[in-house]
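Colleague: To start, I am sharing the structure in question, which I have written as structure tokens.
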Amino acid sequence: MFSFIRSKSARHFLIVLFVWAVLLIAALSLVWRCGTRTLPQNDEVWALYEAGPGIHLDWLWKTWAEHRIPLAKLIWKAVLELTDYDFRTGNFLTVLALATFAFAMIWTARKIRGRTIFADAFFPLAILNFGQAQVLLWWWQVNHVLAPITATLLLSILVLHGNDLQPRHAGLIAAGLILLVLCGAGGLPYVLAFTVWLVLWLAWQWRSLSPSQRQHRLMVLAPAVAALALLAYYFVDYKPNFPLNDPPTLSSWPSSPEVLASATASLQVLGVSLGTATKPVATLSGLAVFALGCVF
């Protein structure tokens with residue numbers, strides 16, 4: 001054991017693991033101390049009113065605001081039904097999902113590089129920091145984390161296997177695209193990007209394949225075709241739905257501002273990723289986050 005710790009990579013791994021564990025405990029403590037068990041927040045009030053008792057397919061597919069989020073609705077309502085509407089249970093599940101996601105990123109980086117470095121602490125620091133408090137304390141926010149988690153896990157499969165990607169890996173990625181459509185608008189761009197990559201992967205090796213291998217590869221990509229069909233169906237009879245408005249298809253939000261105002265707001269959103277304490281200097285904080293993203 002001590003010879004393992006003497007390894008530089010092992011020491012780095014233990015330090016990164018310590019950072020991950022501390023942030024996980026802190027996030028769980030935040031939910032335990034500040035999470036609500038019985039009080040629905042904001043959108044949840046109207047979602048409960050609209051959903052009614054039980055879980056219904058038409059409600060799952062119905063738009064919420066400007067998005068269809070059937071998978072998030074299913075998970076959100078199922079957990080509430082199973083826990084006698086304990087919203088804090090969902091918050092704990094969100095924390096555990098994000099912690100698992102962060103650990104998977106650490107493990108993926110280690111597999112690709114062959115060792116762990118201090119910079120891998122970026123994953124838990126970015127994913128489990130208290131700037132995510134709204135996500136951690138509001139169960140409805142599950143609809144915002146599903147697409148990034150799913151897309152990143154699929155991307156991990158891709159980068160881990162690279163040029164040695166086997167049909168079973170491609171099939172898993174293709175099947176994951178269906179989940180991305182069900183995640184809502186946040187998952188739709190990933191579906192198009194991954195589909196293009198899978199088509200290029202198939203085209204690259206097409207000439208070297210036998211007829212039976214070609215047929216097998218096409219079958220592997222069938223879920224991607226199904227995902228594209230579902231993506232197209234996503235926009236069939238598409239109408240925004242704001243349950244508290246009259247009529248519900250009319251948004252109470254103001255019209256889009258000019259480009260400069262939109263860019264400023266985008267930077268402010270990036271700035272808040274460092275925590276709500278940065279609100280007075282949110283634009284400058286957003287510029288800093290954007291610059292770091294460009295560098296790294």
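Colleague: What number, in percent, do you get for the relative contact order of the chain if the mean sequence gap of Cα pairs under 8 Å and at least 6 apart is divided by its residue count? Could you put the intermediate results ahead of the total?
Modeller: Details: 331 pairs, mean separation 55.2, N = 296.
Worked out over the chain, it gives 19 percent.
Colleague: Separate question: Could you calculate, for the chain, the ratio of the Cα radius of gyration to the Kirkwood radius, expressed as Rg to Rh?
Modeller: Working: Rg = 21.6 Å, Rh = 21.7 Å.
That ratio is 1.00, to two decimals.
Colleague: Under unit Cβ charges (Lys, Arg +1; Asp, Glu -1), what dipole magnitude, rounded to 20 debye, does the range 1-140 have relative to its Cα centre? Let's see the in-between values first.
Modeller: On the way: 14 positive and 9 negative charges, 214 e Å.
Dipole about the Cα centre, nearest 20: 1020 debye.
Colleague: Among the helices of the chain (complete DSSP H runs), which have Cα atoms covering no less than 15 Å along the helix axis and a Kyte-Doolittle mean of at least 0.0? Please list the in-between numbers first.
Modeller: Values: long enough: 8-34 (39 Å, 1.64); 70-82 (18 Å, 1.05); 87-113 (40 Å, 0.80); 142-161 (29 Å, 1.71); 167-182 (23 Å, 1.72); 188-205 (27 Å, 1.57); 222-234 (18 Å, 1.71); 259-272 (20 Å, 1.66); 282-295 (20 Å, 2.01).
TM-like helix candidates: 8-34, 70-82, 87-113, 142-161, 167-182, 188-205, 222-234, 259-272, 282-295.
Colleague: Now, a different point. Run through every distinct alpha carbon pair of the range 72-117 and return the Kirkwood hydrodynamic radius in angstroms, one decimal place. Working shown, then result.
Modeller: Numbers: mean 1/r = 0.0812 Å⁻¹.
Taking every pair of different Cα atoms in the range 72-117, averaging 1/r and inverting gives 12.3 Å.
Colleague: Could you compute the net charge surrounding N143? Neighbours are other residues with a C-beta less than 10 Å from the C-beta of N143; K and R count +1, D and E count -1. All intermediate terms of the calculation are to be shown ahead of the outcome.
Modeller: Numbers: positive: K73; negative: D43.
Around N143, the charge tally is 0.
Colleague: For the range 237-243, just list the computed ³J(HN,Hα) in residue order, Karplus coefficients 6.51, -1.76 and 1.60, θ = phi - 60°, integers in Hz, with x standing in for Gly and Pro.
Modeller: After applying 6.51 cos²θ - 1.76 cosθ + 1.60, I find 6, 7, 9, x, 9, 10, x Hz.
Colleague: Under unit Cβ charges (Lys, Arg +1; Asp, Glu -1), what dipole magnitude, rounded to 20 debye, does the range 2-253 have relative to its Cα centre?
Modeller: Working: 19 positive and 12 negative charges, 277 e Å.
Approximately 1340 debye in magnitude.
Colleague: Here is a follow-up. Note the count of lysine pairs whose C-alpha atoms are less than 23 angstrom apart in the chain, limited to pairs 8 or more residues apart or on different chains.
Modeller: Eligible lysine pairs with Cα atoms under 23 Å apart amount to 6.
Here, each number is a calculation from the coordinates, and none is a lab measurement. Being a predicted model, the structure only gives us computed values, none of them experimental. Here Cβ is always computed from backbone atoms with ideal geometry, including for glycine, and neighbour counts include all displayed protein chains.
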